[in-house]
Amino acid sequence: MSVNPDDLPGADDDRIATGRDGRKWYPEDYVKELRNEAVHRRLQLREAEAQLAKAGDAPAQLTQTQSELRDLKVNQALTDTALKLGANPRLVKATLLMDGHLTGLDPAKADFLPALEALVQTAVQNEPNLKGAPTTSTIPSKAGSDITHPGTSQIVNSGQVTRAQVANARAAGDHEQIVRWKQDGSLDAMLKGMI
């Protein structure tokens, strides 16, 4: 084991000089070295403080993210439970939120799903109008261009495709539908109208 001579007691004694007035004086290079070290330490401290300030936002962001995740889990479980019990999920959610029943639920607990199911059942029993989950799609069965003649089921513009229909099919990635329209000639009328 080697010993660094600077680590021994009295190692700084050779750098210390005593002036006429009895005060101790240090060589200029030693003072500069100490000052540089102090500057370096202050810079490190400022960097550490800046990192702590940045990290100070992290707990708030983490808390917000955890809250959002909890809300998503509760909403998904609520929707599944309401549909399972034959209730309208939107109405059940609105009722339970209004009554403040969803605030105490913790999706991480083992009794979460039974507690949620009990809440939904109680809400449906207390409010019978919550029953009847929507079973039909909210999307209309006919497009705007599929207007029928009065008293018949024959579509007025059955041979034409609108720009909106083509744009919707393209946006949905339904290129096969566009090809079918081209093959049956439905697209030709629209293309002629553009020329």
**Complete:** With a ≥ b ≥ c from the Cα gyration tensor eigenvalues, square-rooted, and the rule rounded for a/c under 1.5, otherwise prolate when a/b > b/c and oblate otherwise, segment 43-130 is prolate
**Request:** With θ set to phi - 60°, apply the Karplus curve 6.51 cos²θ - 1.76 cosθ + 1.60 along segment 118-130 and write out the HN-Hα couplings as whole Hz, x wherever there is a Gly or Pro.
**Result:** 5, 4, 5, 4, 4, 4, 5, 5, 6, 10, x, 6, 7
**Complete:** Heads up, segment 26-91 by the C-alpha gyration tensor (a ≥ b ≥ c square roots of eigenvalues; a/c under 1.5 rounded, else a/b over b/c prolate, else oblate) looks prolate
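Determine, for segment 43-130, the count of lysine pairs separated by eight or more sequence positions (or lying on different chains) whose alpha-carbon distance falls under 19 Å.
Final tally of qualifying lysine pairs is 4.
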**Asked** What distance in nm separates the simple spin-label points at Gln64 and Ala48, each placed 7 Å from Cα in the Cβ direction?
**Response** 2.9
**Prompt:** What ranking of Val92, Val166, Val124 emerges when the number of other C-beta atoms within 10 Å of each C-beta is taken as an exposure proxy, fewest first?
**Reply:** Val166, Val124, Val92
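Values in this text are rule-based calculations from the coordinates and carry no lab data. Please read all numbers here as calculations on a predicted model, not as lab measurements. Because the Cβ atoms are built from the backbone with ideal geometry, glycine has one as well, and the counts that use them run over all protein chains shown.
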